[in-house]
Structure formats: structure tokens, C-alpha cells
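Student: Have a look at this one.
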Amino acid sequence: MDVNEIIELSAAAAIAAIERGDLDAAELFSAYRLRAEADELNAFTWVAEHLPADMHADGPLRGVPLAVKDLFCTAGIPSQSGSKILEGYLPPYTATSVARLQDAGAAVLGKTNQDEFAMGSSNENSAYGPVLNPWDRGRVPGGSSGGSAAAVAAGLAPWALGTDTGGSIRQPAALCGIVGLKPTYGTVSRYGMIAFASSLDQAGPLTRDVTDAALLYRHMVGTDPNDATAVGHREEIRLPTAERLDGLRLGVPTELTTGEGLEPGVMAAFEATLATARGLGATIEECSLHSAPHALSAYYVIAPAEASSNLARFDGVRYGLRAPADDLVSLYTNTRHDGFGAEVKRRILIGTYALSSGYYDAYYGRAQKVRTLIAREFASVFERCDFVVTPTSPGVAFELGAKTADPLAMYLNDSFTVPMSLAGIPAISIPCGLSDGLPVGLQLAGPAFSENRMLDAAHALEQAIGFDGSPARTPTGAAS
Amino acid sequence: MLERSEVLHVARLARLRLDDDEVDRMAGELSSILDHIAAIAALDLDDVPPTSHVVEVESALRADEPGPCLDRDVALAQAPAVQDGGFLVPSPQAG
């Protein structure tokens, strides 16, 4: 097959081509490896030199290459979580989710750039430089899984792994015009993911279409002796087939479809998609998530609080950067001064403040109660509606540097994705149109463990929307 | 607005050294973030229980049986400084 034909295949189509004998795994890997190596978007922090020798080519994923977000530990392969404090770190083991995919036949193509420790919505917080959006290289790809999203959108990888704590899969997928699934919390093991906020972090796929998302997710789920919070899934994940939405009730929460930050072009694409959904047989109704406007506040207490604890391990003793020091405490404080970027320092300080004596009840305790309210309100909406639908992000991809001077403005990018994270429920972003030539994402969220139904609904919408992602894929590779 | 002394206190708790200009910048930025977060102080949450974990997880403890762990060499391989099969650090005493 011609390289340009190979690049146009979805992962599922590539697997079918390999099974038919029209394509071999080495040819596929080589095509993507050359593109990843010529990456001009700064999407990759490491690219494999050759097809992994220990690949399970007989597995159901047939050696299809996989891009992996930098924060997944991969044995003997740099795993830096976008941070200077882990520069060159080679973990002694591989994250369970990656190992599962390798067992199923995935071949690790490269590691992808990200915001440092997954803290960010633009990828500008990476110690390894920002990632560029393939739709417009003057704009951000979103974050924190920005390298994964840009790589998939640009055709530098057929699909990728990301993680989502408050929107870090869904928002970059939306800004890059691809599909991103944040699964139900606990369905995928977190073992070997360099932790940000443990009660929220969840791994998931970034793919070109909904079928690929189902296929990758199917091979990620499961319990894990190394993660007591990994409960697996109650159902086998099916490949979606639905073409219609007959009988489905979609709830539009007024709190997440209004507000000053919501761009008119995003709203127009969202409303056009609701009309498409009606045409497919769905009914659309307004619903209410009263506490959703407080979700961001609760999130920016809970996530930094957990981060301040998780990031205590980076002290210059066992791995990573060590700064010069004459005594032990100075070793810790100097190493963390030199190794962490500004956003990570900000969040460590917020989290430490929120957990400190005298402030715990006012901040962390109250934030956990808001979390309860949000989970209850989603449960109440799901008694009447099958799914909640919102725009994934209030705006399209913004220009590099546009929000770096104002941390709070950057946090507002997560307004529509954070509530689902707090409730632990699954949500998927699919491309639903363009605004000024830039992709807009539609978010569907459902009850815990509703992935199969949600993927079906997303598939039906995807078929009807007919989004064309090809403008982001340069036909002769990133080097053109 | 957070005082410089408060920022320095929190930084000390977090074992984080900040440059002088970082302290001033963080005081401003943290204050605006904390102002936004303070919105939840106005909510009536007296009868609401806290949620620390969203998925009901039954105790999933594995059998407590000895098994292999990382070899010492592997565990030490990424350390910045090693001596006598352990992590080498400077003295806890200053100077």
C-alpha cells in the first residue's frame, strides 16, 4: 500500500487490512515511525527506532502502532511526565494499561508531550516546549494530553493513550478534531501512571473515530492486583454499530451551555448537532445541574490537594533531578525549586494551603461535599435522560500564549469537563463541526459503566455529522 | 490578598524553595485563584456528606504472600547518588 493510503486508515481499518494480507505490521509501523520522527508539532518526546522485538503480532491489535502519553511508565523508555524533574527517567516497569495493550498486540510508537504532570489545558506547561495544533500551528492543541491529540489528528500516530483528570483527554480531542473518551473512574488501572490527582485520574483513548475508541478501550479495562481502585467493567466493551438515536433522551444542562466564556461559533455547532440528533430520533430536553457552576472551584481544591501529596515523592533522592545542596532539607527544597515549572508550583502551593491546619474544613472538606452534590445531581438527571450533552470546551483552540499570563482564565477552559470528572462518570468528546475553520467538540456524558450505550450514541452521531478530519493530516508527512 | 509570609509558610510546608520574584508573583496568582474557590464557602453544605471516592469499591486486598520485588540494582539504577547499596543523601545537619 502507498504511504498516504496507509495513513488514511483508521486503526480498525489497518487491523482489517493486516488480517486480509493487504498490509503488514512492519510496513505500517515504519510509515508512522517516519512521520513521528519528522514531527514538527513537538507532539513526541521520544520515538521508537524500530518495531518492538517482543511485539505480540498475533494479538487482536495486530501490531498497530500506539502513541503513549509521557506520564505512563514504560520500562526502559523515557517517562518524564512533561517535567524537568524527571528528565531522562527510565522506569523499571510498565504501566498496566500499556502492558495490557502490548499484550493485545499494540506496538509502542512513541511517547507524547504533555503539560507537566498533566496540569494544564494548553500543553504550554511542558518542560519540553509547547505542542502545536495541526489545524493551525499558531494555536494550542489543548491539554494536558496535547501531544497525543495532535499526533492522532495530524496522522503521526493511528491512535494514542491519554489521561483525563479534569478534561485532559476530552478538551484536547475537541481542539484537535478527534475523539477522546474519559472512561468511568476505576475501569482502567492507574498503576504506572505518574499520579496527579488519584481520585480523578483516568486513562483513556484518543482516536480518529468512535470505533477505534471502543476498540482501544476494550483492551484497557480490567482489575489489577496493583491498583485496589481498579474495578474493571461490568460488560465486555462492544464495537459500536448504532446508526439511529430513536428513543434516546439527551439532557442539555442550562448551567453548562451558557456563560460569558462560551463562543458563539461553538454554540452554533452545538445547536446544529442537537438538530442532527433530533433527526436521528433523539429527544432533547433541558435539564439542570445546579452545582455545576461550583464544580471548577471544588476541582481546584481537590486536584491540587491530591497533587501536593502525590508530588511529595519528587525529592531528588531516588530518581530524577538532584540539585546541589549541603544538607538534606536543602536537597529537597532546591531540587523542587529547580525541577518544577510554575504551574506545578502553583498547584502544590494551593493544595498545601487547602490541606493546612485551620483551612482543611473550609477548603478540602467543603470541596468534597460539593463533589457529593454534583454526583447526586447527575444521578437525578440520569433518571430522566440517557445522556447529558454539552460543548466539550467553551472555545476553539486559542493562540499560543493567549492565556499563559492568567492562570484562572486557563482553568476556565475546563468548566464543561470537570463536573463529570468529579462525579467519576464516563464522557466522550467527538468532533461536531468547525468554527472559523477550527474543530468544535461535542461532549456526551452518561451514568457510570454506560460506555457501551454511550459509544453507540456517539457512533450514530459521528456517522450523521460526517466530520472531515483530513485537513489536519498533511499527505506527505509532517515534514512537508 | 495573601501576604508574602503566608506564601513562604506554605512553601516551607511543601518543601519548595521560591525565588523572591516567585513569592510576589505567587501571592497575586494564588489570591485570585483562592478568591474564585471561595465561592463554595457560601453554599449550604451542612447536611451533605463528603465524597472522597466515586466508585463503590469493596475491599480488594490480595493475599498477603511474599513475592519477588524489584532487584536492588534495578531500584537504585535511576538514583542520582548511590553508596553501599543504598540511596546517598547529604547529612540532615546543615553545613
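The values are calculated or read from the model by the stated rules, or taken from the named source; none is laboratory data. The model shown is predicted, which means the values in this text are computed figures rather than measured ones. Methodologically, a virtual Cβ is constructed for each residue, glycine included, from the backbone with ideal geometry; neighbour enumeration extends over all protein chains shown.
Student: Name the one entry in A:Tyr89, A:Tyr128 that is within 14 Å of another protein chain (Cβ to nearest Cβ), of a type outside the set (Gly, Ala, Ser) and assigned to a loop (DSSP other than H, G, I, E, B).
Tutor: When all the criteria are applied, what remains is A:Tyr89.
Student: Look at B:Leu70 and say whether it is part of a loop (DSSP other than H, G, I, E, B), within 7 Å of chain A (Cβ to nearest Cβ) and under 30 Å from A:Leu296 (Cβ atoms).
Tutor: So B:Leu70 fails the test.
Student: I would also like to ask the following. Regarding the range A:233-247, can at least one residue be identified that is within 14 Å of chain B (Cβ to nearest Cβ), without any contact (Cβ under 8 Å) to a residue 24 or more places away in the chain, crowded, with 18+ Cβ neighbours inside 10 Å and in a loop (DSSP other than H, G, I, E, B)?
Tutor: Within the range A:233-247, none of the residues are within 14 Å of chain B (Cβ to nearest Cβ), without any contact (Cβ under 8 Å) to a residue 24 or more places away in the chain, crowded, with 18+ Cβ neighbours inside 10 Å and in a loop (DSSP other than H, G, I, E, B).
Student: Could you run through the range A:380-428 and say how many residues are small (Gly, Ala, Ser) and under 21 Å from A:Asp201 (Cα atoms)?
Tutor: Count: 6.
Student: Going by the structure shown, is B:Leu76 of a type in the set (A, V, I, L, M), over 21 Å from A:Leu355 (Cβ atoms), more than 8 Å from chain A (Cβ to nearest Cβ) and surrounded by 12 or more Cβ atoms within 10 Å (Cβ to Cβ)?
Tutor: Judged against the criteria, B:Leu76 is a match.
Student: If A:Leu321 satisfies every condition in (1) more than 7 Å from chain B (Cβ to nearest Cβ); (2) crowded, with 20+ Cβ neighbours inside 10 Å; (3) of a type in the set (A, V, I, L, M); (4) part of a helix (DSSP H, G or I) but one, which is the exception?
Tutor: Failed condition: (4).
Student: Checking A:Ala75 against (1) touching a residue at least 24 places away in the same chain (Cβ under 8 Å); (2) in contact with a Ser or Thr (Cβ under 6 Å, 6 or more places away or on another chain), which test does it fail?
Tutor: (1)
Student: List the number of the failed condition for B:Phe87; all other conditions in (1) closer than 30 Å to A:Leu90 by Cβ; (2) at pLDDT below 95; (3) facing chain A (nearest Cβ under 7 Å) hold.
Tutor: It is condition (2) that B:Phe87 fails.
Student: Given the structure, is B:Val48 within 7 Å of chain A (Cβ to nearest Cβ) and of a type outside the set (D, E, K, R)?
Tutor: It is true that B:Val48 is within 7 Å of chain A (Cβ to nearest Cβ) and of a type outside the set (D, E, K, R).
Student: Looking only at the range A:407-416, decide whether some residue is away from chain B (no Cβ under 12 Å), at pLDDT 95 or above and surrounded by fewer than 19 Cβ atoms within 10 Å (Cβ to Cβ).
Tutor: No, that holds for no residue.
Student: Can you report the number of residues in the range A:133-166 which are surrounded by fewer than 24 Cβ atoms within 10 Å (Cβ to Cβ) and out of contact with any Gly (no Cβ under 8 Å at 6 or more places or on another chain)?
Tutor: Residues that pass the stated criteria total 3.
Student: Within the range A:42-87, count every residue that is buried (at least 23 other Cβ atoms within 10 Å of the Cβ) and aliphatic (A, V, I, L, M).
Tutor: Qualifying residue count, the range A:42-87: 9.
Student: Taking the conditions exactly as written (within 14 Å of another protein chain (Cβ to nearest Cβ) and either over 20 Å from A:Thr94 (Cβ atoms) or assigned to a loop (DSSP other than H, G, I, E, B) (or both)), does A:Ala228 satisfy them or not?
Tutor: no
Student: Given the options B:Leu30, B:Leu16, B:Leu34, B:Leu43, name the one that is surrounded by 15 or more Cβ atoms within 10 Å (Cβ to Cβ), in contact (Cβ under 8 Å) with a residue 24 or more places away in the chain and at the interface with chain A (Cβ under 7 Å from one of its Cβ atoms).
Tutor: Within the list B:Leu30, B:Leu16, B:Leu34, B:Leu43, the selection yields B:Leu30.
Student: Which ones in the range A:155-181 are in contact with a strand residue (DSSP E or B) (Cβ under 9 Å, 6 or more places away or on another chain), in a loop (DSSP other than H, G, I, E, B) and farther than 14 Å from A:Ser122 by Cβ?
Tutor: A:Leu156, A:Ala157, A:Pro158, A:Thr165, A:Ile169, A:Gly177, A:Ile178
Student: Let me ask another. Please specify each residue of the range A:27-58 satisfying the condition of being closer than 13 Å to A:Ala107 by Cβ, small (Gly, Ala, Ser) and at pLDDT 95 or above.
Tutor: Of everything in the range A:27-58, those that are closer than 13 Å to A:Ala107 by Cβ, small (Gly, Ala, Ser) and at pLDDT 95 or above turn out to be A:Ser30, A:Ala31, A:Ala36, A:Ala48.
Student: So, one more: Taking the stated definitions as given, is A:Ser97 touching a Ser or Thr at 6+ places or on another chain (Cβ under 8 Å), surrounded by 21 or more Cβ atoms within 10 Å (Cβ to Cβ) and part of a loop (DSSP other than H, G, I, E, B)?
Tutor: Spelling it out, it is not the case that A:Ser97 is touching a Ser or Thr at 6+ places or on another chain (Cβ under 8 Å), surrounded by 21 or more Cβ atoms within 10 Å (Cβ to Cβ) and part of a loop (DSSP other than H, G, I, E, B).
Student: Can you confirm whether the range A:376-388 contains a residue that is within 18 Å of A:Ala305 (Cβ to Cβ) and within 10 Å of chain B (Cβ to nearest Cβ)?
Tutor: Within the range A:376-388 (the criterion being within 18 Å of A:Ala305 (Cβ to Cβ) and within 10 Å of chain B (Cβ to nearest Cβ)), the answer is no, since none of the residues qualifies.
Student: A further question follows. Residue by residue through the range A:328-361, note down the ones that are within 7 Å of chain B (Cβ to nearest Cβ) and either touching a Ser or Thr at 6+ places or on another chain (Cβ under 6 Å) or at positive phi (or both).
Tutor: Result: A:Ile348, A:Thr352.
Student: Could you figure out which of (1) more than 14 Å from chain B (Cβ to nearest Cβ); (2) buried (at least 24 other Cβ atoms within 10 Å of the Cβ); (3) out of contact with any helix residue (DSSP H, G or I) (no Cβ under 6 Å at 6 or more places or on another chain); (4) farther than 19 Å from A:Leu262 by Cα isn't true of A:Ser421?
Tutor: Unmet for A:Ser421, out of (1) more than 14 Å from chain B (Cβ to nearest Cβ); (2) buried (at least 24 other Cβ atoms within 10 Å of the Cβ); (3) out of contact with any helix residue (DSSP H, G or I) (no Cβ under 6 Å at 6 or more places or on another chain); (4) farther than 19 Å from A:Leu262 by Cα: (1).
Student: Here are A:Val301, A:Val266: which of them is surrounded by 14 or more Cβ atoms within 10 Å (Cβ to Cβ), touching a residue at least 12 places away in the same chain (Cβ under 8 Å) and within 22 Å of A:Val440 (Cα to Cα)?
Tutor: That would be A:Val266, the only listed residue that is surrounded by 14 or more Cβ atoms within 10 Å (Cβ to Cβ), touching a residue at least 12 places away in the same chain (Cβ under 8 Å) and within 22 Å of A:Val440 (Cα to Cα).
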